[in-house]
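Quick notes on the structure that follows.
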Amino acid sequence: MKSQRRLPAAQFAAKIRAHALRMVHISNASHIGSSLSMADILSVLYTGVLRVDPGDPDWPERDRLIVSKGHGAVIVYAALAERGYFPVEWLAEYCKDGSKLMGHVSHHVPGVEVSTGSLGHGLPIGCGMALAANRERKPHRVFVILSDGELDEGSNWEAVLFAPQHELDNLVVIVDYNKIQSFGAVKDVLDLDPMPAKWDAFRWSSLEIDGHDLGQLESALSRVPFEPGKPSVIIAHTVKGKGVSFMENSLVWHYRFPDKDQLSKALQDVELPS
Ligand SMILES: Cc1ncc(C[n+]2csc(CCOP(=O)(O)OP(=O)(O)O)c2C)c(N)n1
Ligand SMILES: [Mg+2]
């Protein structure tokens, strides 16, 4: 496996937030709040946790990452570009006719394992991949990022039931628990609390963390599985729109895209202090 240039997670996160903001501005696309919400999770995964080789995206022993909330495509593509899977220049073509980068996460893009966007499919697929790896005695892990509103889909709960039965301790779920879905607060649409108790009752090993604290993310992700023989779930408390003052915890930025002035303000917000 070739060695790759790695940026520290904070610097990586600032870069991908800025890319994502420019991408939705250029393409008039939605889901910037959703994307900013998982920027820190993706940054920690790609700067230290995932055993992958961007020079050989199909390396059989690579860890698999499924971003089930495929509407957050801009931040996924930005992370893949910054990690070296394809040129950063591709990002400017996001969502344009003929572009390699389609609106939702697509497996035609180097580094993407599974096309997602229709919510509720990432975890069932991840269970299958983890089961196959165990049966074939392969060492790779399977990581799945779920959104909270996505957990309204019943298919997730079949998979949550399935994974402990098959002792899939090579499977790690990260729930991007930002408390907002497309048209309202999660607690008003379909309340998920108490979250850890639900997963524990299904015989997963759970951990609650601040999903924007890079140290907590690194520590949690570096010690999976939490218990041998059990799948792990990290319930990451996050903020929709994290990093941009006027987007944080705001429902409208699920669909809205920034105009020129808003983009320039947002880019200042996400810049790291020098
Ligand atoms: C099966 C399915 N139904 C509906 C949608 C439309 N949709 C796109 S994003 C979204 C919900 C977003 O809320 P959440 O899952 O909490 O994700 P967040 O953006 O907060 O990360 C919905 C319902 C979809 N993509 N798939
Ligand atoms: Mg949400």
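Read-outs: derived from the displayed coordinates by stated rules, not from any lab. Just so it is clear, the structure is predicted and the values come from calculations on it, not from any experiment. Note that each Cβ is placed from the backbone with ideal geometry, even for glycine, and that neighbours are counted across all protein chains shown.
Would you work out the charge dipole size for the range 1-156 about its Cα centre, treating the Cβ of every Lys and Arg as +1 and the Cβ of every Asp and Glu as -1, and quote it to the nearest 20 debye? All intermediate terms of the calculation are to be shown ahead of the outcome.
Numbers: 17 positive and 16 negative charges, 99 e Å.
The calculated dipole for the range 1-156 is roughly 480 debye.
Hey, what number do you get for the chain at 222 nm if only DSSP H runs of n ≥ 4 count, each worth -39500 (n - 2.57), divided across all residues, to the nearest 500? Spell out each step's value before the answer.
Values: 10 runs with 100 residues, N = 274.
Roughly -10500 deg cm²/dmol at 222 nm, from the helical runs in the chain.
Two decimals is fine: what is log10 I(q)/I(0) at q = 0.15, 0.18, 0.21, 0.25 Å⁻¹ for the range 3-100, from a Debye sum with one equal scatterer on every Cα and no solvent?
Per q value, in the given order, log10 I(q)/I(0) is -0.56, -0.81, -1.09, -1.44.
Please give the net charge around V270, taking every other residue with its beta carbon less than 12 angstrom from that of V270, where Lys and Arg add +1 and Asp and Glu add -1.
On the way: positive: K15, R17, R22, K242, K265; negative: D40, E248, D269, E271.
Once positives and negatives cancel, what remains is +1.
Pull up the cross-link candidates among the aspartates and glutamates for K15, meaning alpha carbon to alpha carbon under 16 Å and not fewer than 8 places away within one chain.
D40, E82, E89, D269, E271
Calculate how many DSSP beta bridges within the range 2-270 are antiparallel, expressed in % of all such bridges and rounded to the nearest 5.
Here the antiparallel bridges make up roughly 5 percent for the range 2-270.
So how much slack lies between D213 and S245, counting 0.36 nm per residue of separation and subtracting their Cα-Cα distance, in nm? Intermediate results must be reported in sequence, preceding the final value.
Numbers: separation 32, 0.36 × 32 = 11.52 nm, distance 1.73 nm.
The D213-S245 span can extend by a further 9.8 nm.
What number, in percent, do you get for the relative contact order of the chain if the mean sequence gap of Cα pairs under 8 Å and at least 6 apart is divided by its residue count?
23
Please turn the phi angles of the range 116-130 into ³J(HN,Hα) values with the Karplus equation 6.51 cos²θ - 1.76 cosθ + 1.60 (θ = phi - 60°), one per residue in order, whole Hz, x for glycine and proline.
Karplus-based 3J(HN,Hα) across the range 116-130 equals 9, x, 7, 4, x, 10, x, 6, x, 5, x, 4, x, 5, 5 Hz.
Could you work out how far apart the two model spin labels at V88 and E158 are, taking each label as a point 7 Å from the Cα in the direction of the beta carbon, and quote it in nm?
4.3
Would you be so kind as to identify which of S99, I26, F12 lies farthest towards the positive end of the dipole of the range 1-102, taking Lys and Arg as +1 and Asp and Glu as -1 on Cβ and the Cα centre as origin?
Looking along the dipole axis, the top candidate is F12.
So if the hydrodynamic radius of the range 2-270 is defined as the Kirkwood radius over C-alpha pairs, what does Stokes-Einstein give as its diffusion coefficient at 37 °C and 0.692 mPa s, in µm² per second?
Values: Rh = 18.4 Å.
Using the Kirkwood radius from Cα pairs, D works out to 179 µm²/s.
Give, rounded to the nearest 20 debye, the magnitude of the charge dipole that the chain has about its Cα centre when Lys and Arg contribute +1 at Cβ and Asp and Glu contribute -1 at Cβ.
Values: 28 positive and 34 negative charges, 118 e Å.
Approximately 560 debye in magnitude.
Amide H of Y255: which non-local residues (sequence gap of 5 or more, or other chain) have their own amide H closer than 5 Å, using H built in the peptide plane?
Amide H to amide H, under 5 Å and 5 or more residues apart or across chains, Y255 pairs with H31.
According to a simple spin-label model (label point 7 Å from Cα along Cα-to-Cβ), what is the distance in nm between R51 and R135?
Taking the two extended label points, one gets 2.2 nm.
Alpha carbon centre of the range 245-274 versus the range 165-243: separation in Å?
The distance from the Cα centre of the range 245-274 to that of the range 165-243 comes to 26 Å.
Could you pull out every one of the lysines with an alpha carbon less than 24 Å from that of K230, ignoring same-chain neighbours closer than 8 positions?
The reachable lysines, counting only those whose Cα sits under 24 Å from K230, are K69, K138, K198.
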